[in-house]
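Note sheet for the following structure.
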Amino acid sequence: MDLLLAAMPFQPDADLDLTPGGGEGGRQVGLVLVDISNGFCTVGAGNLAPVTPNKQIEKMVEEAARLAKVFCQRNWPVFAFLDTHYPDKPEPPFPPHCIIGSGEENFVPALKWLEKDPNVTIRRKDCIDGYLAAFEKDGSNVFSNWVAKFQIKTVLVLGICTDFCVLDFASSALAARNIGRVAPLKDVVIYSEGCATYNLPVEVARSKQGTLAHPQDLMHHIGLYMAKGRGAKVVDRIIL
């Protein structure tokens, strides 16, 4: 890890100031929550859920619940993706997960209240990239429409996994921004303390044919590094 940090360092961007009327709080900000569901976060909930309590994931859920509550209290817009799959539509190379009706596809208990909050837009998605999954059959995009409706200039992104769904969504949203598909969006900000990924030690991966090791801290760092390289801002502190 020390070698990685030395070879791939990055400095976090300036603290995100969300105090009402000041900093980013002075213009429209939207909160985007990525896949904070039982299937990825609740111990023992499914094939891609943690098998034992995980501090990084617990911290992510805690921060997501805290910020979601603040946004809803201030009547600021919230958009939540929930990975949701039909049993007859696999998503290789991943094993079955977040199958409709299993309970895995629903919010973790700490965020269950979001289902009934009128401030929240929920989009169930069946692929890694939330931006792609937000397209409708008529070519419209639910996320882009949400940005336009609330005239959002900054999206604050939290969720799981840092190096998969969070990274892919941020990358696509930034690419779409660059060609004018999500006006008036200007900044995609990823909150490092509000993101997490899974842990699969190399000794476990070796025992499963075709499985790649996935050291949690290493891949979390790489996910943030890649997102910053794509043009996202990465912050480790939010001022409320």
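In bins 10 Å wide, starting from 0, what share of all Cα pairs of the range 71-201 does each bin hold, as a percent?
Spelled out bin by bin, the range 71-201 gives 11, 41, 38, 10, 0 percent.
Per residue, how many Å² of accessible area does the chain show with a 1.4 Å probe?
Working: 11580 Å² over 240 residues.
With all protein chains present, the chain gives 48 Å² per residue.
Between Phe150 and Met8, how many nm apart are label points set 7 Å from Cα along the C-beta direction?
Between Phe150 and Met8, the simple spin-label model gives 3.1 nm.
Roughly speaking, to the nearest percent, how much of the range 9-129's 1.4 Å accessible area is carbon and sulfur? Before the final figure, lay out the partial values.
On the way: 3160 of 5790 Å².
Of all accessible area on the range 9-129, carbon and sulfur atoms account for 55 percent.
In nanometres, what is the gap between the two model label sites at Arg181 and Val70, each 7 Å from Cα along Cα-to-Cβ?
So the two model labels end up 3.1 nm from each other.
Mind checking the alpha-carbon convex hull of the chain and giving the volume per residue in Å³?
Convex hull volume per residue, Cα atoms: 130 Å³.
Is the C-alpha gyration tensor of the range 43-104 telling us rounded, prolate or oblate? Criteria: a/c under 1.5 is rounded; beyond that, a/b larger than b/c is prolate, otherwise oblate.
Numbers: a/c = 3.10, a/b = 1.57, b/c = 1.98.
Since a/c reaches 1.5 but b/c is at least a/b, the shape of the range 43-104 is classed as oblate.
Within the range 56-98, name every residue whose backbone N is under 20 Å away from a label modeled 7 Å from Cα of Gln209 along the Cβ vector.
Of the residues in the range 56-98, 92-96 have backbone N under 20 Å from the label point off Gln209.
Using 0.36 nm times the number of residues separating Glu62 and Asn47, minus their current alpha carbon distance, what extension gain do you get?
Contour length minus Cα-Cα distance gives 3.2 nm.
Estimate the FRET efficiency between Glu91 and Thr19 by the formula 1/(1 + (r/R0)^6), using the beta-carbon distance for r and 41 Å for R0, to the nearest 0.05.
Values: r = 40 Å, r/R0 = 0.98.
After rounding, the FRET efficiency stands at 0.50.
The values are calculated or read from the model by the stated rules, or taken from the named source; none is laboratory data. Values in this document were obtained by computation on a predicted structure and should not be read as measured data. Every residue, glycine as well, gets a Cβ built from its backbone with ideal geometry; the counts of neighbours run over all protein chains shown. Quick note on the areas: whole protein, heavy atoms, side chains included, nothing else; ligands and nucleic acids left out. Shrake-Rupley method; radii C 1.70, N 1.55, O 1.52, S 1.80 Å.
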